[in-house]
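The values are calculated or read from the model by the stated rules, or taken from the named source; none is laboratory data. Because the structure is predicted, anything quoted here is derived from the model rather than measured. When we count neighbours, we look across all protein chains shown, and the Cβ atoms used for this are built from the backbone with ideal geometry, even at glycine. What goes into the accessible areas is simple: the full protein's heavy atoms, side chains included, and nothing from ligands, DNA or RNA. Shrake-Rupley method; radii C 1.70, N 1.55, O 1.52, S 1.80 Å.
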Amino acid sequence: MKQSQLFTRTIKELPKDETSFNAQALIRAGFVDKSAAGVYSFLPLGWKVINKIKNIVIEEMVGIDGQEINMPSLAPRENWQATGRWDTLDVLFKTSGADEKEYALNPTHEEVVTPLAKKFINSYRELPMAVFQIQNKFRNEKRAKSGLLRGREFLMKDLYSFHANQEDLDSYYEKAIVAYNNIFRRVGLEEKTYLTYASGGSFSKYSHEFQTLTDAGEDIIYVCDDCKMAVNKEIIADQNTCPKCGRKDLREEKAVEAGNIFKLGTKYSDPFDLKYQDKDGEKKAVIMGCYGLGISRLMGTIVEICHDEKGITWPENVAPFKIHLLSLNENEAAENIYKDLIKQGIEVLYDDRELQAGEKFVDADLIGCPYRVIVSKKTLADGNVELKHRSSDESQLIKISELSEKLK
Ligand SMILES: [Zn+2]
């Protein structure tokens, strides 16, 4: 991508009411734009990051036999009334149609996926089954001050699993934990993310959250350094110890909930009468699990953690481009290098604009691609370019002929 043709540019004027760091950094670098509190557009650079995160999540969900679907954002009031949540879920976005019926803008999809599954699941032969989607969700938040960490409209992955019995759900749940850990490793948040005990409900003693440590987080968790796990605030009030090893001196940390997984049991299959016929012909309630992960929230969390005073420092797997190629008045040579890197399948943002070197460096630091390659009169004199990692102060001179091999 040539930067001269990019839809966006870096900007200096931030919206006055934007107080969160992640949104400020992303708006400044041209990744997102704010329409209203908790409502953002994703621009070309930002949408590239979102798609990288999505692809990782899709691979891991397919890896645990999830089948991708897409459910509607609108659900009729009756669905939400069937579970009692029309009146009890305070963040439910409600709207009315021209048909004078009321609808919810879904914050989660149990009320849609359960009646949907009822159309296809009849027999034990059809179980287990898992479907997931990555889709915009809505929450009617009173305050939305944390940028992408708490939106009124946001992108989320939600997977729902259907089982014949508790043992099958239990074993699937463990596989989901592994898949989630893979996701956090691949997006560069493994070290900061803790599997966290949360309250379970009637079907299981605990549910689990995946909490990522950051001062921007709105949650408080208690980390057990022996188990590399944590407990959330509700749980600590009960027992004040690690549920796994019994350790008492847990470390209090601020965190953001990146994902949560929950054994639903028959909480939603009962109201929608989702049943299957077992081997003996007996009708039994389908056992369900749900597994959420905030995609746009994950992007905001990465920015909260991966930055320095100059801008964002994207982990390589989610960076909009691997290379930021800067031409300092040497567009002819830089163009050839750009074409060669593209040919090698390397993702390059090529700054071909007529700007001062200093302005290009500032923009490159704001945008935060992992590697910066500089082409200038000085480097070209010996057939070189300058290569620098975004997070390092040191650069090295590389022969142009060896560059693509080095970057692959
Ligand atoms: Zn422990």
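Among the residues of the stretch 230-242, just one is open to solvent by 40 Å² or more (accessible area, probe 1.4 Å), in contact with a strand residue (DSSP E or B) (Cβ under 6 Å, 6 or more places away or on another chain) and of a type outside the set (K, R), namely E234. For L274, which of the numbered conditions (1) away from the ligand (no atom under 16 Å from the Cβ); (2) in contact (Cβ under 8 Å) with a residue 40 or more places away in the chain; (3) under 30 Å from R143 (Cα atoms); (4) not polar (S, T, N, Q) fails to hold? Tallying (1) away from the ligand (no atom under 16 Å from the Cβ); (2) in contact (Cβ under 8 Å) with a residue 40 or more places away in the chain; (3) under 30 Å from R143 (Cα atoms); (4) not polar (S, T, N, Q), L274 fails exactly one: (3). Just so you know, in the stretch 289-334 the residues that are of a type in the set (S, T, N, Q) and open to solvent by 30 Å² or more (accessible area, probe 1.4 Å) include one that is nearest to E405 (Cα to Cα), and it is N317. For beta carbons closer than 7 Å, sequence separation of 6+ or different chains, a first residue in the stretch 217-230 that is under 11 Å from R251 (Cα atoms) and a second that is more than 16 Å from the ligand (Cβ to nearest atom), the qualifying pairs are I220/K233; I220/K254; I221/A255.
Mind checking which helices (runs of 4 or more DSSP H) fall wholly inside the stretch 31-110 and carry at least 3 residues that are out of contact with any Phe, Trp or Tyr (no Cβ under 8 Å at 6 or more places or on another chain), without any contact (Cβ under 8 Å) to a residue 12 or more places away in the chain and under 27 Å from A179 (Cβ atoms)? I'd like the intermediate steps shown before the answer.
Numbers: elements: 44-63, 77-82, 85-88.
It comes to 44-63.
For the stretch 377-395, does any single residue satisfy the condition of being in contact (Cβ under 8 Å) with a residue 24 or more places away in the chain, open to solvent by 50 Å² or more (accessible area, probe 1.4 Å) and farther than 30 Å from N22 by Cβ? So far as the stretch 377-395 goes, yes, one or more of its residues are in contact (Cβ under 8 Å) with a residue 24 or more places away in the chain, open to solvent by 50 Å² or more (accessible area, probe 1.4 Å) and farther than 30 Å from N22 by Cβ.
Here are some residues: I374, I342. Which one is touching a Leu at 6+ places or on another chain (Cβ under 6 Å), of a type in the set (A, V, I, L, M, F, W, C) and farther than 28 Å from L14 by Cβ?
Details: I342 fails: touching a Leu at 6+ places or on another chain (Cβ under 6 Å).
From the options I374, I342, the qualifying one is I374.
Cβ-Cβ distances below 6 Å connect the following pairs, each with a first residue in the stretch 308-336 that is assigned to a helix (DSSP H, G or I), a second residue that is open to solvent by less than 30 Å² (accessible area, probe 1.4 Å), and a separation of six or more residues or different chains: E316/P370; V318/V49; V318/I53; V318/V187; N331/D352; A333/V375; A334/S327; A334/V375. Restricting the stretch 246-270 to residues that are open to solvent by 70 Å² or more (accessible area, probe 1.4 Å) and touching a residue at least 12 places away in the same chain (Cβ under 8 Å) leaves a set whose member that is farthest from the ligand (Cβ to nearest atom) is D270. Of the residues contained in the stretch 302-314, none is found to be within 16 Å of the ligand (Cβ to nearest atom) and farther than 23 Å from I64 by Cβ.
Restricting the stretch 211-229 to residues that are open to solvent by less than 10 Å² (accessible area, probe 1.4 Å), assigned to a strand (DSSP E or B) and over 18 Å from I261 (Cα atoms), which is nearest to the ligand (Cβ to nearest atom)?
Initial filter on the stretch 211-229 (open to solvent by less than 10 Å² (accessible area, probe 1.4 Å)): 211-212, 217, 221, 223-224.
Filter once more, keeping what is assigned to a strand (DSSP E or B): 211-212, 221, 223-224.
Then drop every residue that is not over 18 Å from I261 (Cα atoms), which leaves 223-224.
On the way: V223: 9, C224: 3 Å.
It comes out as C224.
Listed here are the residues, each with its yes/no results for (1) surrounded by 14 or more Cβ atoms within 10 Å (Cβ to Cβ); (2) within 22 Å of E218 (Cα to Cα); (3) modelled with pLDDT under 95.
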site	(1), (2), (3)
M1	yes, no, no
Q5	no, no, no
E13	no, no, yes
E18	yes, yes, yes
F21	yes, yes, no
A25	yes, yes, no
D33	yes, no, no
L43	yes, no, no
K48	yes, no, no
